[in-house]
Structures are given as C-alpha cells and as structure tokens.
Protein chains: 2
Amino acid sequence: MNHVRLASCLVRLVLCVFLLGHALPAGAQADPLPSWNDGRSKDAVLSFVKETTDQTHPNFVPPEARVATFDQDGTLWVEHPIYAQLSYCLTRVAVLAQTRPEFKTTEPFKTVLSDDARAKSKLSRQDLEKIIAATLTGMSVEQFNAEVSDWLDTAKDPRWRRPYTDLVYQPMLELLQYLRANGFKTYIVTGGGQDFVRVYAARVYDIPPEQVIGTAGDVTYGYGKDGKPVLTKAAKLLLDNDEAGKAQGIHFMVGRRPVAAFGNSVGDRQMLEYTKGGAGARLAMLVMHDDHAREYAYGPAQGLPDTKAGTFTQELYDQANAQGWTVISMKRDWKHVFPWEK
Amino acid sequence: MNHVRLASCLVRLVLCVFLLGHALPAGAQADPLPSWNDGRSKDAVLSFVKETTDQTHPNFVPPEARVATFDQDGTLWVEHPIYAQLSYCLTRVAVLAQTRPEFKTTEPFKTVLSDDARAKSKLSRQDLEKIIAATLTGMSVEQFNAEVSDWLDTAKDPRWRRPYTDLVYQPMLELLQYLRANGFKTYIVTGGGQDFVRVYAARVYDIPPEQVIGTAGDVTYGYGKDGKPVLTKAAKLLLDNDEAGKAQGIHFMVGRRPVAAFGNSVGDRQMLEYTKGGAGARLAMLVMHDDHAREYAYGPAQGLPDTKAGTFTQELYDQANAQGWTVISMKRDWKHVFPWEK
C-alpha cells in the first residue's frame, strides 16, 4: 500500500469513527456476554476484566501475564453421558476387535463391546487410559488427526442428535471471546487427550493447538518408506493432565501461573487453587450442572444426585465458597446453553 | 479515549505518514539484517520470508502456521568452553558440597569440585543431568527462578568478562526480530533446561516462557505453611529435549510442524529433518563455528578440529548439503558477532 492510499484509508477511518460516535447513544456499549443473565457470576467476570485491564487500578495485570485456563469436558462442552473422546475410542475398539479377538474376553474391552450402556457409562479414567493405549498407539500423528476429524464429521451425540462439536456452551464461547478481546491468552487445560482436542480446538473455540494442554502420550521418531521423518503415537504416558497434573501441565507448557481459571469438577481443584494462590486479582469459577431440562444435573452440590464419580462433590462446593471461587449455576446464570438456542 | 480525541490522533497519524513518505526516497527500505554480509545465507532467509508471506506465491504460508524454532546453545549464544547452565550448576555444587561431603568423593561432583578445567569441559550431557538432578531438585519454582536470576546478574564468561546474557549473536537477534515482524512465532527448542532458559528468554530474545521448549523435569504439587499451593522441582525427567526429543518436544508443546528451524549441532539433526520433511517451503539452517578470532572454531567440518563431542560433525555437514540445509559460516556471513561490536 503506498502512502497516498494509506492516508486515504485513514481519512475514511476517521470518518467512520465520527459516524459511529453519532450513531450510538453516548456511553452505550454492546453487552459482551449476552447469553449470561445478570447476577453474581456475570458481575464477577465483568469486574475482574475491568480491574485487570485498567492501568490505574491496583489489580492491573500486564498483557503478557493475562493467562486464562479452561477445563474442557463439562466446562466448555457436554460431558454426559460419556466423554466424547471415550465415545471415539469405543468406535475404535469395535474396529480393532475384528482383528483382535482377545478384546471379547478382556476388560475393559469386553464391556465396550457389550450392549450394556449403563456399564459403559461407568468406565473409569483408568479404563479410558487402557483403551487409549490399546487403540490409539502405533498410528502416525497425521493418521490420528485424520481419523479423529472423520469421526467428528459423522458421530452424533445420542440425546441431541448433533455433532459433538455443536454441544459447546454459548456463554463460555462468549466468555472466551470477551477475555481474548481484553488481551487474555486463553488455554484449554483438559484431562482429555491433548492431540484429540487439538484436532478441533481452533475451529470450535478459536484456540490454536499450542494453547491446548491435555493428557499426552509420547511419540516415537522414525522414518517412513520415503525416508521422511514420521512421529508415531506411543503408549507411554508423558503428562497425566488431571488434578495436580493440571497445575504441573500449566507450569510445563506455559511457565506462568494463570490469573483466571474455569472448571467444573474435582479434576480442576488444583488448577483453581494454583490460580487463586498467586498475588493480585484472581478469578476462579466452577460450572455447576443443575439444569436437567436444558442439559444435565449431576453432583451432590445443592442436593443433586451424584451420578458420576470424580465430579462436582459437596466438598468441592464447600471449598469454592470458602476460598472465594464463583459457582456458575447453569440454570440461573445462563440465558442460553447452546449456540443453536439463541 | 473519546471519538473526538481518537479522530484527532488519526489525523495526526495521516500527517506523519505523508511526512514520512516525503522524507524517504521512493522504494527505499531499511536492511532487516544489517549484521549479515550479502551472500547465500542472507539470500536464503530473505527469499524464504518473501515467498512465505506473499499471498500470491505458491510457497505462501498462512500466519498461524508460521512456526520457527531455534536451538539456543551455539545457535543463539556462546556454548564454549562450557554451557552457561553447566556453569550455573557448578556453582550450585560448590554451595551444596558444604553440607554434602559425599560430593567430594563421587563423580561427576568430584570433577566439578576439582581445579581441572579440562576435565570439567569434558563433562557429558549425562553428567549434567546427574548434576541437575542433585542440585536443582527440592526447590520451589519461584526459588529456582530467583536463584538463576541472581546468578545471571553476577556471573561472567571467562573470556569476555561479560554476563552470559551479553554473549548472544547479533545476527541471530536480527533474524528473530525479522521473522516476528513477518508474522512468524519464534520458539527456542533447547537441550538445556526449560525453566533455566525461561528466566531470561523474554528479556534477552523477546521470547515469552510459553515459547521456550527445553529439557524439563517434573514438578510436585504441594502446599506451603500458609496453605497456598507450591510447585517443587523434582528429579524425574519429563522431556529429554535433544536429538529426536526435539521433534517430540515440538509436537508436544506446539502441535504443529515448524516451517523454519535453526541449529548448530547433531542435537538439532532431527528438528531440521522434521522441519524439512513437511510440504511447501521450508528453511533449515546450521550455524558453523569457524571463527576462532571473533568467537570459536570447532567441529570437523571444513577440516576444523573436533574439540567437543556431540557437535557439528562431518556427517552432519554432508547431510546439510545433501538435504538442502543452509550452512551459516560465522566468519564469512556475519558482519558482527556480538551486539556490543556494532
């Protein structure tokens, strides 16, 4: 662009700013969180962002330190009745069982291949790890990405009959966007597979692969038939990114303590403690699933039945209240749950 | 800022652009790499950047894929006679030996505590790992950062009598800056300690901690006397970021294959192979230390003596030529070596 054209552009920009100024009533600003109802949760977010981005406020945080971390399953998208990644692995087990008959008699594969939906929904994180090790290793990184991508294009959630990547929470998408617009770097910090989440995180959450921290297996370095390097997924666990592993994973991958963290289960406890443990303004929030009509209700908080191990316990609810974490009630705080409801 | 002030600012900006346009001769552009002599190396960088940032060129690379990785020791700063980090660890051994008498009779600590400079300079990477495990574990992450920072403020390189952080290569600083100005994300990918390099990478290279990938030990999660979470450095090795480990580390931390990579030793071989193995334009460069007068000369390439294990071998030199990597001759290609020589 030459100087005359650049100058002409800038003149037009000046005009636009004037016109915009006259078109909007003085002081009017669009609501950055339109899917959030007014209340304690929305206020907590708005005042945190206002204070940390105001250079004259004692809680000001310089842009490079504005790190915000988000759990995924149950915080950014639906985790019931089973994790999407588990659903993917179950499909893989069925494919692999054709050439590995021992799956039919060995747990947890036997359960996976059965029709017992209730038993499947009770598979533990340890079972998932065994399934991952058996079903995802030995593939090249590119093969894995292509397989997951294909699966995401066709698989549907059993309740809404929609792709899993539709089942993201609209209020959380707005929160991610609002934080980024204010100079925060948003990370996903998930107990789920790092490589799995990276396949769709850019498209779904606008979060690039280098800002996805998850449970990660090692890769081995070798050469293909064409002599070119190939990274192959290996069974060895490199990072177990859950509970204390989330704080370790953040130190390892980011090297800074977050100033804001968002979770929904006991797996996020240490990430929230670690975030709140730093000096200055800190925001820690927990999504509570108390909306059976629009999504699900689980966990013992507020007398809800504990339908799933390792989730929002009464103890976690008490810790949140004692340590100044904000509990987001899906039922009370969210105007819409999913993007298609707007 | 209100609309009137913003408009006034923009009008002034328009004026500045006009004045600037008249002050510079038409088409004049400052040399982005003033410390590089004209030649094959400088041309390789300039044409790579020109092609990958030109939307009409078949080698165009979209901004989010512009990942450039740099080895540190010997590529961005001096690694002779011993790695700066090893020098730091040797200081730590001397401090710890006061309360750990067994160091005086056990290798590699015995050598470290001796006056034998030659034996010290031959300590291997495995020795360094043992020393790191013994000297750096048990400290909190904050303690470690403060200790390294203090050491950097006082320690001096034996030849130039300057802080280690002065011993960075001016041409490489210009290269980092030039790539960033063209939308590349620059990463350090070092066999050295990730936490160690992060202490000064932002200040010295303008590279934030989350873009430093290095050999990393685990941290344990616990609570201090005040009940707040503490991360303590542990002996367990999490990522051995050298040779094949560099490609693994990049996949783990970035999740994208670099389009440009810079190294200086056999420890960088796989990173460069992995980078060149992708489709489209790729830039792989090796710094060759052939300038005894201004820095050091080592490695068997071009008949130089192989003074150090694990460095620039004849085999690596041959691979570079065979696979289209560009070898940077410090003597021929660099106008200045250090920032203070400008």
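The values are calculated or read from the model by the stated rules, or taken from the named source; none is laboratory data. A quick note: this is a predicted structure, and the numbers were derived from the prediction, not measured. Counting neighbours? That spans all protein chains shown, and the Cβs are built from the backbone with ideal geometry, glycine included. Accessible surface is based on the protein model in full, side chains and every heavy atom, while ligands, DNA and RNA are left aside. Shrake-Rupley method; radii C 1.70, N 1.55, O 1.52, S 1.80 Å.
Between the amide H of B:Thr53 and those of B:Val61, distances stay under 5 Å, these residues lying 5 or more places away or on another chain, with hydrogens modeled in the peptide plane.
In the elastic network of chain A, a GNM with C-alpha springs shorter than 10 Å, the most mobile of A:Ala284, A:Ala293, A:Ala235 is A:Ala293.
Ignoring ligands, DNA and RNA, what accessible area per residue does region A:187-247 give at 1.4 Å, in Å²?
35
As a ratio to 2.2 N^0.38 Å, the alpha-carbon radius of gyration computed for region A:190-342 takes the value 1.23. Here the Karplus curve 6.51 cos²θ - 1.76 cosθ + 1.60, taken at θ = phi - 60°, turns the phi angles of region B:87-97 into couplings of 4, 4, 5, 4, 4, 4, 4, 4, 5, 5, 4 Hz, with x standing for Gly and Pro.
Can you tell me the dipole magnitude for chain A around its Cα centre, using point charges on the Cβ only (Lys, Arg +1; Asp, Glu -1), in Debye to the nearest 20?
Working: 39 positive and 40 negative charges, 109 e Å.
Taking the Cα centre of chain A as origin, the dipole is about 520 debye.
Just counting partner chain Cβ atoms within 10 Å, what average do the residues of peptide B:242-251 show around their Cβ? Please list the in-between numbers first.
Working: counts 0, 1, 6, 2, 1, 6, 7, 1, 2, 10.
Whole-number average of other-chain Cβ neighbours for B:242-251 is 4.
Can you tell me the mean projection area, over all orientations, of the convex hull of region B:153-229's alpha carbons? Units nm², please.
On the way: hull surface 30.5 nm².
Result: 7.6 nm².
Given N residues in region B:57-206, what is its alpha carbon radius of gyration divided by 2.2 N^0.38 Å? Can you show the working numbers first?
Values: Rg = 17.9 Å, N = 150, 2.2 N^0.38 = 14.8 Å.
Taking N as the residue count of region B:57-206, the ratio is 1.21.
When the Cα positions of B:Ala30, B:Leu167, B:Ala84 are compared along the charge dipole of chain B, B:Ala30 comes out farthest toward the positive end, with charges on each C-beta of Lys, Arg, Asp and Glu.
For B:Lys122 and B:Asp150, compute 0.36 nm times the residue count separating them, minus their Cα-Cα distance, and round to one decimal in nm. Show your work: numbers first, answer last.
Numbers: separation 28, 0.36 × 28 = 10.08 nm, distance 2.63 nm.
Length gained, B:Lys122 through B:Asp150: 7.5 nm.
GNM on chain B, alpha-carbon springs under 10 angstrom: the most fluctuating residue among B:Trp77, B:Trp325, B:Trp160 is B:Trp160.
Provide a whole-number value for the mean count of partner chain Cβ atoms within 10 Å of the Cβ atoms in peptide A:190-196.
Working: counts 0, 0, 0, 0, 4, 3, 0.
That works out to 1 on average.
Each Cα pair of the protein assembly as shown feeds into the Kirkwood radius, which the Stokes-Einstein equation turns, at 4 °C and 1.567 mPa s, into a diffusion coefficient of 46 µm²/s. Across region B:117-122, coupling constants 3J(HN,Hα) worked out from phi with the 6.51/-1.76/1.60 Karplus curve, θ = phi - 60°, read 4, 5, 5, 5, 5, 9 Hz, and Gly and Pro carry x. Each listed q (0.15, 0.18, 0.22, 0.28 Å⁻¹) maps to a log10 I(q)/I(0) for region B:44-86 from the Debye sum over equal C-alpha point scatterers, namely -0.55, -0.63, -0.74, -0.95.
Could you work out the equivalent-ellipsoid semi-axes for region B:233-303, taking the square root of 5 times each eigenvalue of the Cα gyration tensor, largest first, in whole Å?
Details: eigenvalues 131, 74, 17 Å².
Each semi-axis is √(5λ); the values are 26, 19, 9 Å.
What number, rounded to the nearest 500 deg cm²/dmol, is the helix-based mean residue ellipticity at 222 nm of chain A, given -39500 (n - 2.57) per DSSP H run of at least four residues and division by all its residues? Can you show the working numbers first?
Numbers: 13 runs with 140 residues, N = 342.
Mean residue ellipticity, 222 nm, calculated: -12500 deg cm²/dmol.
Close amide H pairs (under 5 Å, H built 1.01 Å from N) link B:Met139 with B:Lys233, residues at least 5 positions away or on another chain.
Placing a pseudo-label 7 Å from each Cα along the Cα-to-Cβ vector at B:Lys335 and B:Asp115 gives an inter-label distance of 4.6 nm.
Just so you know, the Cα atoms of region A:94-148 work out to an Rg and Dmax of 12.1, 34 Å.
Basic side chains Lys and Arg get +1 at the Cβ, acidic Asp and Glu get -1 at the Cβ, and with that the dipole of region A:59-137 about its Cα centre reaches some 240 debye. Label point of A:Gly222 (7 Å along Cα→beta-carbon): distances to the other copies' equivalent points are 4.1 nm, sorted ascending. If you take the Cα centroid of region A:86-160 and the Cα centroid of region B:116-145, the two points sit 43 Å apart. Among the listed pairs A:Lys42/B:Lys225; B:Lys185/B:Lys276; A:Lys110/A:Lys236, a Cα-Cα separation exceeding 26 Å is found for A:Lys42/B:Lys225.
B:Ser35: net charge of surrounding residues, Cβ under 14 Å, Lys/Arg +1, Asp/Glu -1, itself excluded?
On the way: positive: B:Lys42, B:Arg294, B:Lys331, B:Arg332, B:Lys335, B:Lys342; negative: B:Asp31, B:Asp38, B:Glu174, B:Asp291, B:Glu295, B:Asp333, B:Glu341.
So the environment of B:Ser35 carries a net charge of -1.
Rg/Rh, computed from the Cα trace of chain A with Rh as the Kirkwood radius, has the value 1.02.
When chain A is treated as a Gaussian network with alpha carbon springs shorter than 10 Å, the biggest mean-square fluctuation among A:Tyr169, A:Tyr83, A:Tyr223 belongs to A:Tyr223. The slack in the chain from B:Lys228 to B:Ala133, taken as 0.36 nm per residue of separation less the alpha-carbon distance, amounts to 31.7 nm. Using the Cα coordinates of region B:198-279, the gyration tensor eigenvalues translate into equivalent-ellipsoid semi-axes of 30, 15, 11 Å, sorted from longest to shortest.
Chain pair B, A: how much accessible area is buried, both chains summed, with a 1.4 Å probe, in Å² to 100? Provide the component values of the computation, followed by the final result.
Working: alone 17180 and 17160 Å², together 30270 Å².
Its buried surface, counting both partners, is about 4100 Å².
Rounded to the nearest 20 debye, the dipole magnitude of the protein assembly as shown is 680 debye, with +1 charges on Lys and Arg beta carbons, -1 on Asp and Glu beta carbons, and the Cα centre as origin.
Across the identical copies, the label point of B:His57 (7 Å from Cα in the Cβ direction) is separated from its matches by 4.4 nm, in order from shortest.
Distant-in-sequence amide contacts of A:Asp290, defined by a placed amide H-H separation under 5 Å and a gap of 5 or more residues or a different chain, comprise A:Met330, A:Lys331. Each of B:Gly192, B:Met330, B:Pro229 was placed along the dipole of the protein assembly as shown (beta-carbon charges, centred on the mean Cα), and the one lying farthest toward the positive end is B:Met330. Selection among B:Leu96, B:Phe144, B:Thr111 by position relative to the dipole of region B:84-147 gives B:Thr111 as farthest towards the positive end (Cβ unit charges, Cα centre). Ascending distances from the B:Asp150 label point to its copies in the other chains, with the point 7 Å along the Cα-to-beta-carbon line: 5.8 nm. Phi-derived couplings, Karplus 6.51 cos²θ - 1.76 cosθ + 1.60 at θ = phi - 60°, listed residue by residue for region B:285-294: 9, 10, 7, 9, 8, 10, 10, 5, 5, 8 Hz, with x used for Gly and Pro.
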